[in-house]
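Step one of this worksheet: look at the structure below.
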Amino acid sequence: MTTERPRLSVVGTGYLGVTHAVCMAELGYEVIGLDVDADKIALLRKGVVPFYEPDLPDLLEKHNGRSLRFTTDYAELAESADIHFVCVGTPQLPGQYGADLRHVESAFASLARHLTRQSLVVGKSTVPAGTAVRMAQLVRDLAPSPDAEVAWNPEFLREGFAVADTLRPDRLVFGVESEWAETQLRAAFAPVIDQGAPVVVTDFATAELVKVAANSFLATKISFINAMAEVCEATGADVTQLATAIGYDPRIGRRFLAPGLGFGGGCLPKDIRAFIARAGELGVDQAVSFLREVDEINLRRRARTVEIGLDLVDGSYQGIRVTVLGAAFKPDSDDIRDSPALDVAAAISRQGADVVVYDPHAMDNARRLHPELDYAVSLDAALDGADLVLLLTEWAEFRAMDPTAIGGIVRQRNVVDGRNVLDPVVWRAAGWHYRALGRP
Ligand code: UGA
């Protein structure tokens, strides 16, 4: 196996896997992607990215059928690549805090059975500490070749910026058990390392923990500012000014300190819960018990948003037409997993309101999960006749709304700015009752 330009594979063509496969092709590697879902593979072969992510479709088209191809066959995958990246999902177990590792276990086992020569299997999925050791044992047990090895390389990309984060990551973390594995990983990321990306080479447990520690820190930062928002609401203070003022301290920093409806998505919520569950198993639950509070602060923001809306419509949602702007868990994504916006929309609908949702990209996904809500075809259609408007995902289209122009479309000028992105002075001057989280 040459270390200059190893051939790569990606197992699991979900969000992380497709992005990784396409970006590695863009970096000049030959890449083969596998999924057990034949429909997904058929779409990818046709050049269709099955979710919304800026820049990804163009790059897929550029490399598809050339340096990048797709299969459902593990034997073909094992034959076609030297380094395999496992990118399958680790969702929250139904009704429990822990992560569901079935897909990880099945991917490692299925691949291992076909490894007939020296190869490296690299876990990228976010997993509880201790998983990599088990996967390494699994590969030793199942691989026909004695030279199949495991490494762990957590991924830190953000949805909406996935391409940029993969091509120019802040850092690379390599959890390895041998120098050979490190050499292979350095070869697999050579163009990124040459651009100056720092590399942390470490053991399995540290590599696994880096990922959950990073997401726990980010979740804590968001919940910290949202806890301050609760205090601001009780004192008449303004949390956005507070965030700006404390954010000037470079030790604190303003990034990820945006107060509002809080975090959602397929990562932060389930990662902190899985961390709490794993810490419990390890007997160190006290060390991360604050994460329960982080989770609770986050969920309280959703309930508070429902309450603020209720204030604006005089205490009852019965028969009120409510426009919810945003369904995705954040802008520039069509991902609705644990979406705060949809949670609020559904809660208000349960209280008797006639809820109309609009999102630039997440409508189909939202409709599948919440068929009981109405969906508008455009922003204007969504606002038509509204008694209350809630901005819950800060898409550029919503931030740019002209309060005077849309004031003529709605029935009543009531707005809840769930993401603190509108200018209260301008909106109030245009005759709106403006309310936001953490602001007078
Ligand atoms: C997050 C991490 O940021 C990535 O580094 C990580 O790789 C990824 O999870 C993962 O584990 O795969 P992502 O879920 O794409 O990325 O989204 P974020 O940008 O972190 O936003 C998460 C949520 O926090 C969103 O709902 C967002 O609206 C909210 N948020 C973010 C705030 O409420 N306030 C902020 O200041 C920032």
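Read the figures in this text as sums done on the coordinates, not as results from a lab. Note that the coordinates shown come from a computational prediction; the quantities given were computed from them, not determined experimentally. FYI the Cβ positions are ideal-geometry reconstructions off the backbone, even for glycines, and counts take in every protein chain you see.
In debye, nearest 20: dipole of segment 1-160 around its Cα centre with unit charges on the Cβ of K, R (+) and D, E (-)?
Using only the charged Cβ atoms, the result is roughly 140 debye.
Once you have a ≥ b ≥ c as the square roots of the Cα gyration tensor eigenvalues for segment 299-436, tell me rounded if a/c is under 1.5, and otherwise prolate or oblate according to whether a/b is larger than b/c.
rounded
Quick check on packing: order 218-229, 396-407 by the mean number of other C-beta atoms within 10 Å, highest mean leading.
The most tightly packed comes first, giving 218-229, 396-407.
Counting alpha carbon pairs within less than 8 Å and at least 6 residues apart, what relative contact order, in whole percent, applies to the chain? Numbers along the way, then the final one.
Working: 907 pairs, mean separation 53.9, N = 440.
For the chain, the relative contact order is 12 percent.
Kindly work out what percent of the DSSP beta bridges joining two residues of the chain are antiparallel, to the nearest 5.
Values: 2 of 46 bridges.
Roughly 5 percent of the DSSP beta bridges within the chain come out antiparallel.
Give the percent of DSSP beta bridges with both residues in segment 87-218 that are antiparallel, rounded to the nearest 5.
Antiparallel: roughly 20 percent of the beta bridges in segment 87-218.
Relative contact order (percent) for segment 212-295, with alpha-carbon contacts under 8 angstrom and 6 or more residues of separation?
36
Sort Cys267, Cys232 by Cβ crowding within 10 Å, fewest neighbours at the top. Could the numbers behind the result be given before it?
Details: Cys267 25, Cys232 22.
So the residues, fewest neighbours to most, are Cys232, Cys267.
Once Lys and Arg get +1 and Asp and Glu get -1 on their Cβ, which of Gly33, Ala190, Val416 lies farthest toward the positive end of the dipole of the chain?
The one lying farthest along the dipole's positive direction is Val416.
If packing is taken as the average number of other Cβ atoms within 10 Å across a peptide's residues, how do 415-428, 333-346 rank, most packed first?
In descending order of packing, they fall as 333-346, 415-428.
Quick check on segment 40-193: take the gyration tensor over C-alpha atoms, sort the square-rooted eigenvalues as a ≥ b ≥ c, and tell me if it's rounded (a/c under 1.5), prolate or oblate.
rounded
Can you compute the charge dipole magnitude of segment 212-295 about its Cα centre, using +1 on each Lys and Arg Cβ and -1 on each Asp and Glu Cβ, nothing else charged? Give it in debye, rounded to the nearest 20.
Result for segment 212-295 is approximately 300 debye, rounded to the nearest 20.
Using the charge dipole of the chain (Lys, Arg: +1 at Cβ; Asp, Glu: -1 at Cβ; taken about the Cα centre), state which of Val88, Val322, Val18 has its Cα farthest towards the positive end.
Going by the charge dipole, the pick is Val322.
Can you tell me the dipole magnitude for the chain around its Cα centre, using point charges on the Cβ only (Lys, Arg +1; Asp, Glu -1), in Debye to the nearest 20?
360
How many angstrom separate the Cα center of segment 383-426 from the Cα center of segment 35-109?
Value for the Cα centre distance between the two parts: 39 Å.
Considering only DSSP beta bridges whose two residues both sit in segment 299-436, what percent are antiparallel, to the nearest 5?
On the way: 0 of 18 bridges.
About 0 percent, rounded to the nearest 5.
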